[in-house]
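Structure first, commentary second.
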Amino acid sequence: MKTVSRMVQGEMLKSVGFVTLAFLALFAFIDFVDELRWVESSNPLGYQVRHAAAFVATLSVSNLYDLLPITVLIGSVFVMARLAQTSEFTVLRTSGLSPGRALRVMLGLGLVFALVTFAIGDFIAPAADRAGQFLRAKYLREVTVGQTGAWLREKQSYSSYAVNVGVLQPDGSMRRVRIIEFDNRGRLLSINEARTGRFGGDDSWLLQDVARTEFNTEGSATARVVRSQLPEFRWPTTLTGEMVTVALLRPERMPTIDLFQFMRHLDANGQSSQRYEIEFWRKVFYPLSCLVMVVLALPFAYLHFRTSGISTYVFIGVMTGISFFLLNDLFGYFGNLRNWWPWLTAAAPGLLYSLLSLSAFGWLVLRR
């Protein structure tokens, strides 16, 4: 049986690899053509074709993470249907390959794909996405969210803060930083507006060129306003560079541990973390979809057809993979709008397709 396992898994690896490369090449071509509109051919110091190609290369890593469960399904369906068409799988069954053993062979390879998907999504894709965003920002624009940037909130012992970061620079520094301080009763205490800022290594931000406005209402009916200009101001905070990056960049491209820490920060400061909780659980469950896809492909090996081609079954695999991808996104949006349980929202598509695959496996394999 080790020989059979190596043969089936080897064929699946080659098929999945070919399909993945084909999809990546297609997406890279589309992204590159779209990126050419930003190329400044008249400015040799601006955004050039080589920069666009490098940015598309970073996008390909994220595309690989998104596409891998789909390509696993398409490649597995192709291999299983081809083995059925050539009667090779029938020979394997008569040689002692039981449905349970075939399922274990598929799940073994599916586990490998799941681990690869997790590694790409949690380590490689976040670094590549950040590098691509900063590369593009270096020649085109700064990393920002809309016109006002990103807003965060910080609670400390005697004060609470509303923090606005307008722009995140490619070197990791910040621009247009505003820190609004309130006391425990919600009264405004101070406003600090800094031209630039950096993340310190001692749980603080180092702000430069700060316009500080203090409001003092103690002992008087009206507030006394004191304005000052500071060349440098150190603000102690637990907000890290990763948290600001999560707020400015896409949360689905952040490592799982960073999303978890940002969720805890939002909960501790009384802010809604629904969106980030859904993304956190999606990153937990998404690699497991590779296991679902290989199980979904196994019943194709038990179909009986000799003369007809396998293109129809490959097309079914393509449509099934696309429907899973769309359903995964739709559940994320609906869960965020309807305030569903985050873990159930993230796990629902995988559970539905697991039931579908097990039902197909039971009907085609065990009852026929």
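Read-outs: derived from the displayed coordinates by stated rules, not from any lab. Quick caveat: nothing in here was measured; it's all calculated off a predicted structure. Methodologically, a virtual Cβ is constructed for each residue, glycine included, from the backbone with ideal geometry; neighbour enumeration extends over all protein chains shown.
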Vicinal HN-Hα couplings computed from phi for the range 16-31 (Karplus, 6.51 cos²θ - 1.76 cosθ + 1.60; Hz; Gly/Pro x): 5, x, 5, 5, 5, 4, 5, 5, 4, 5, 5, 5, 5, 5, 5, 5
Normalised alpha carbon radius of gyration of the range 223-365 [divisor 2.2 N^0.38 Å]: 1.58
Positive-end extreme of charge dipole, the chain - chosen from VAL4, TYR47, LEU36 (charges on Cβ): VAL4
Angle between the chain longest axis and helix 49-85 axis [Cα atoms, degrees, rounded to 10]: 30 degrees
Crossing angle, helix 99-119 versus the chain [Cα axis fit, 0-90 degrees, rounded to tens]: 20 degrees
Per-peptide average of other Cβ atoms within 10 Å, ordering 76-82, 12-18, 95-101 highest first: 76-82, 12-18, 95-101
The range 282-366: equivalent-ellipsoid semi-axes (sqrt of 5 x gyration tensor eigenvalues, Cα, Å): 29, 14, 9
FRET efficiency, 1/(1 + (r/R0)^6) with R0 22 Å, evaluated for PHE315 and LEU352 via beta carbons: 0.60
Proxy reagent accessibility, fewest Cβ within 10 Å first, across LEU351, LEU207: LEU351, LEU207
Mean separation of Cα contacts under 8 Å, 6 or more apart, over the residue count of the range 150-239: relative contact order %: 20 percent
Mean Cα-pair separation over length for the chain, i.e. relative contact order, pairs under 8 Å, 6 or more apart, %: 18 percent
Dipole magnitude (debye, nearest 20) for the chain, charges at Cβ of Lys, Arg, Asp, Glu: 900 debye
Degrees separating the helix 342-361 axis from the principal Cα axis of the chain, which is the longest one: 0 degrees
Order of LEU115, LEU337 under a 10 Å beta carbon neighbour criterion, fewest first: LEU337, LEU115
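Grab the DSSP H runs of the chain that are 4 residues or longer, score each as -39,500 (n - 2.57), total them, divide by all residues and round the 222 nm result to the nearest 500 deg cm²/dmol. Mind showing how you got there, number by number?
Values: 11 runs with 204 residues, N = 368.
About -19000 deg cm²/dmol.
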Dipole of the chain [Lys/Arg +1, Asp/Glu -1 at C-beta], most positive-end residue of PHE18, ALA297, PHE123: ALA297
Positive-end residue of GLN156, LEU239, SER87, charge dipole of the chain with Cβ unit charges: SER87
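To one decimal place, what Kirkwood hydrodynamic radius in Å is obtained for the range 1-148 from all pairs of distinct Cα atoms? Let's see the in-between values first.
Values: mean 1/r = 0.0556 Å⁻¹.
Kirkwood radius, the range 1-148: 18.0 Å.
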Segment LEU188-ALA57, length gained on full extension (0.36 nm per residue, minus Cα span): 42.4 nm
Per-bin percent of Cα-Cα distances, the chain [20 Å]: 24, 44, 24, 7, 1
Protection proxy ranking, peptides 66-75, 121-130, average beta carbon neighbours within 10 Å, highest first: 66-75, 121-130
Size descriptor, Kirkwood hydrodynamic radius, that averages inverse alpha-carbon separations across the range 150-239, Å: 13.7 Å
Global geometry of the range 75-176, whether rounded, prolate or oblate, following the gyration tensor of its Cα atoms and the 1.5 cut on a/c: prolate
